[in-house]
Amino acid sequence: MLTKTISLLKQKNNVSLFVIVFTLLPFITLCFFNVPLGDDFWYASSFRENGLVETQIKWYNEWSGRYIATFVISTLNPLAFGNLNLAFIHPFLLILGTAFCLKILINNVIDSFNLQLNKLVVFSIFLFFYFNYVPDFGETFYWMAGAYTYQIPVIFFLLYLNTLLNLFKSKSAFATFKNIVLGILCLFIILGSNEVIVIYSCFINTAILLILFCKGKKLISRFLPFFVVTLILSSFMIFAPGNFGREALFDKSDFHFAKAIIEAFSRGGFVLFFWLPTLTLMILLIPDISRINIPKLSFKSRFLKSKSNVIIVGLAFLLIITFIGFFPSIYTTKWIPQRAYTPIFFIFILVSSLLIFFVINQFNILNNLNKTLSAKPINSVLLLITIISLSHNSNVMNAYTDLTSGKAIVYHKQVMSTYKMLESTDNDTIYVKELQKKPLILPIRWPAKHNRLVNNELQEYFKIERIEID
């Protein structure tokens, strides 16, 4: 029996390692075909012209309160120092940073709550789900302006949650102080990145404070500094003069409050339909999820008279969670780019995972199904088949397609040769060719005849009077 158990554990670990490598390999390889794009040049030009301090003041007052995003895009931008060849660094670090921070959080959660789960299996499943389904992987990881704005706060939110767990477990004054300092540092970075993550941070930290208050926990004194810092930094970010200046550029005369609410809810409903079933299936394949000891509910509440009502309430709560992320951007600018879905997607995974764990524990049919799968070698086979099937026509397989089809290398070669030409030319007007191959994952920002935003950004950076499409 012991030999069979060890063999089953080894099989699960081997499958998990395959999933991790299968997920990360194409994205890490694509890093070396990445190129600087669009707003990367815009931020670099601003840094060159205004210097470190003046650039931050200018952006805060004229365009955005995202003080961390502005700082890192301008100062950690190789273009600001005239280097066109280092665009592989930031996606490489962000991909590994995301995986590392997700791993330590999962390990800490499993250890802190004494969950009898295989850490490697859980990590591989959530890593695959995030990387395979995060909207617009290219702009979230490879495009510097998008990555520093939307993926950096996700990484530090993972660290923040890990710090919270450590804070509540701290037994010495030094450990408490250390975790408070680390948590505040994480919040400083998170709350200076984008407006969506600010709203979620306020929502989650308020919920934690209320829970601690209602339970009369002494830990509330440890958490209070985080809540105060969240309020202060959120105000500094949201009420930046630049935010109001940017908002004024969008005409909302025909886009009233009610229409924005309807559109935000409709988008939330769509992403729930798209994300939730897949996440449920994958969590159900985690061996021994049924072992998680969640107190059984009596279902005597006025609003929770039956288990079906619990599911309805849970879905409604998830819909509200997505609405919180979608509505501010839709109402203020009439649209929300795919890269801005990233913090919504991340918070959705956090909240829905807890609800899915609860549903599996409460519903006997799901509980028994997980027990059956957990005790058989077929679990690893099913997990492997599921991973391969779900990656079809999604981020992971699209990344492999970019590599194997030659799209990535042709794209990189054409873009970099064009940049080198722009850098060395003495002509006032330069003609560039249309892209020969457009990759599926790597982001694209290329000069155009009608939308000249990219043209202008390149003209300003390379000091060229005019760029046209040949």
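Quick note: the coordinates plus some simple rules give every number you see, no bench work behind them. All values derive from a computational prediction rather than experimental measurement. Quick reminder, even Gly has a Cβ in these numbers, built from the backbone with ideal geometry, and neighbours come from all protein chains shown.
Okay, here's what the table says:
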| read-out | value |
| --- | --- |
| Peptides 448-457, 20-29 ordered by average Cβ neighbours within 10 Å, highest first | 20-29, 448-457 |
| Interchain or long-range residues, amide H under 5 Å from LEU37's placed H | MET144 |
| Under 15 Å, Cβ to Cβ, from GLY406 - net charge with Lys/Arg +1 and Asp/Glu -1 | +3 |
| Distant-in-sequence amide H partners of GLU468 (H built 1.01 Å from N, under 5 Å) | ILE430, TYR431, VAL432 |
| Largest to smallest principal axis extent of the C-alpha atoms in the chain, angstrom | 76, 50, 48 |
| Burial ordering of GLU460, GLU434, fewest other beta-carbon atoms within 10 Å first | GLU434, GLU460 |
| Of LYS438/LYS463; LYS420/LYS449; LYS12/LYS371, pairs whose Cα-Cα distance is over 19 Å | LYS438/LYS463; LYS420/LYS449 |
| Sorted peptide list for 259-271, 321-333, criterion being average Cβ within 10 angstrom, highest first | 321-333, 259-271 |
| Relative contact order of segment 9-131, pairs being alpha-carbon contacts under 8 Å that are 6 or more residues apart, as % | 39 percent |
| Exposure proxy ranking, count of Cβ atoms within 10 Å, fewest first, for ASP426, ASP39 | ASP426, ASP39 |
| Positive dipole terminus of segment 142-297, leading residue within ASN293, LEU209, TYR160 (C-beta point charges) | ASN293 |
| Which of ILE441, ILE184 has the fewest Cβ neighbours within 10 Å, and the rest in rising order | ILE184, ILE441 |
| Unit charges at the beta carbon, dipole of segment 418-470: most positive-side option, LEU435, THR425, GLN459 | LEU435 |
| Fully extended contour minus Cα-Cα distance, from ILE57 to VAL109, at 0.36 nm per residue | 14.7 nm |
| Relative contact order computed over the chain (Cα-Cα under 8 Å; 6+ residues apart), in percent | 22 percent |
